[in-house]
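All remarks here apply to the structure that follows.
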């Protein structure tokens with residue numbers, strides 16, 4: 001099962017906890033598709049990156065997706081000429097989401113060639129072509145694009161070795177080699193990817209992830225961060241699941257309370273307590289977090 005489908009499978013469980021509010025979230029995701037056919041960014045403009053989350057959210061909640069409108073939007077980008085790493089990968093994933101049979105012939109190969117052009121010298125992936133090393137985030141993005149087209153990146157062992165070099169001194173992962181302190185999202189991305197590819201991860205990494213839980217619920221992006229956030233909470237829960245680590249009933253209850261504080265009556269989720277916006281990205285992470293809490 002690909003990374004995208006794995007995440008989708010968990011997000012589909014969110015209605016168990018959303019209950020009657022599920023329809024509000026369905027309507028929210030429908031409103032995220034602009035007249036141009038792309039997902040709405042935080043400024044209200046269509047953007048490939050946000051289109052991924054709008055489509056995934058609708059798919060998770062069994063909302064009919066306006067695939068013809070989205071397809072017209074995707075076709076305006078051709079083979080992704082001029083797009084950065086994240087957006088060319090987003091273009092690939094959006095095509096896979098609405099159906100590869102809709103793609104122009106050979107476009108999948110051209111898009112993966114562009115993704116591969118962002119391969120770093122150490123075997124990882126990174127949006128900055130001048131960087132000597134890849135990042136955990138870059139590896140996650142690239143693997144997702146490859147898998148959505150039914151492929152695996154070439155030299156997968158080099159990718160795993162590149163991730164190994166990103167281990168931090170405290171037993172987690174960072175997006176930079178030689179870091180003393182890990183970052184939660186880099187750690188969660190590395191754990192998820194490594195386990196997904198069938199390689200082992202030290203059991204103690206789960207202890208590090210659990211140590212990032214905030215006393216009021218949710219998880220911190222880095223040790224000592226002032227506030228928990230929804231992205232870190234969703235990725236932490238996903239990584240703990242990949243490690244076969246269950247959270248305590250007390251932490252489960254606090255995470256549920258944390259999710260309640262981010263919920264809005266319009267059907268979306270804020271990213272953290274100081275966030276004034278709601279968007280498709282964080283609302284999809286809300287589904288992922290709730291899906292894990294529903295297990």
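The values are calculated or read from the model by the stated rules, or taken from the named source; none is laboratory data. Since this is a predicted model, take the numbers as computed values, not measurements. When we count neighbours, we look across all protein chains shown, and the Cβ atoms used for this are built from the backbone with ideal geometry, even at glycine.
Assigned to a helix (DSSP H, G or I), closer than 21 Å to residue 39 by Cα and either within 15 Å of the chain's Cα centre (by Cα) or free of Cβ contacts under 8 Å to residues at least 12 places away in the same chain (or both): is that true of residue 250 in this structure?
So residue 250 fails the test.
Of all residue pairs spaced 6 or more apart or on separate chains, those with beta-carbon atoms under 6 Å, a first member in segment 77-91 that is farther than 15 Å from residue 129 by Cα and a second member that is in a loop (DSSP other than H, G, I, E, B) and at pLDDT 95 or above are 91/77; 91/80.
Quick one: count up the residues across segment 158-198 that are without any contact (Cβ under 8 Å) to a residue 24 or more places away in the chain and farther than 17 Å from residue 208 by Cα. Qualifying residue count, segment 158-198: 2. Restricting segment 32-48 to residues that are without any contact (Cβ under 8 Å) to a residue 40 or more places away in the chain and closer than 18 Å to residue 68 by Cβ leaves a set whose member that is surrounded by the most Cβ atoms within 10 Å (Cβ to Cβ) is 38. Out of all the residues in segment 68-86, is one or more under 28 Å from residue 161 (Cα atoms), part of a helix (DSSP H, G or I) and at pLDDT 95 or above? Checked against the condition, which is being under 28 Å from residue 161 (Cα atoms), part of a helix (DSSP H, G or I) and at pLDDT 95 or above, segment 68-86 yields at least one hit. When 123, 138 are checked against the criterion of being buried (at least 18 other Cβ atoms within 10 Å of the Cβ) and on the phi > 0 side of the Ramachandran plot, 123 stands alone in meeting it.
Considering 72, 79, 96, the condition of being over 15 Å from the mean Cα position of the chain (by Cα) and more than 24 Å from residue 137 (Cα to Cα) is satisfied by 72 alone.
Evaluate segment 18-29: report whether one residue or more is under 22 Å from residue 150 (Cβ atoms) and either modelled with pLDDT of 95 or more or surrounded by 14 or more Cβ atoms within 10 Å (Cβ to Cβ) (or both). Within segment 18-29, none of the residues are under 22 Å from residue 150 (Cβ atoms) and either modelled with pLDDT of 95 or more or surrounded by 14 or more Cβ atoms within 10 Å (Cβ to Cβ) (or both). Working only within segment 141-172, note down all residues that are buried (at least 18 other Cβ atoms within 10 Å of the Cβ) and not in a helix (DSSP H, G or I). Correct list: 149, 153, 166, 167, 168, 172. On the given criteria, is residue 236 touching a helix residue (DSSP H, G or I) at 6+ places or on another chain (Cβ under 7 Å), surrounded by 13 or more Cβ atoms within 10 Å (Cβ to Cβ), more than 17 Å from residue 271 (Cβ to Cβ) and modelled with pLDDT of 95 or more? Considered against the rule, which asks whether it is touching a helix residue (DSSP H, G or I) at 6+ places or on another chain (Cβ under 7 Å), surrounded by 13 or more Cβ atoms within 10 Å (Cβ to Cβ), more than 17 Å from residue 271 (Cβ to Cβ) and modelled with pLDDT of 95 or more, residue 236 comes out as no.
For residues that are in contact with a helix residue (DSSP H, G or I) (Cβ under 7 Å, 6 or more places away or on another chain) and more than 19 Å from residue 31 (Cα to Cα), tally how many sit in segment 263-295.
9
Does residue 51 qualify as being surrounded by fewer than 20 Cβ atoms within 10 Å (Cβ to Cβ) and either modelled with pLDDT of 95 or more or in contact with a helix residue (DSSP H, G or I) (Cβ under 6 Å, 6 or more places away or on another chain) (or both)? Answer is no for this residue. Restricted to segment 192-218, and to residues there that are surrounded by 19 or more Cβ atoms within 10 Å (Cβ to Cβ) and touching a strand residue (DSSP E or B) at 6+ places or on another chain (Cβ under 8 Å), the residue that is farthest from residue 161 (Cα to Cα) is 217.
Which residues, taken from segment 173-230, are within 20 Å of residue 292 (Cβ to Cβ), part of a loop (DSSP other than H, G, I, E, B) and in contact with a helix residue (DSSP H, G or I) (Cβ under 7 Å, 6 or more places away or on another chain)? The answer is 201, 212, 216, 217, 218, 221.
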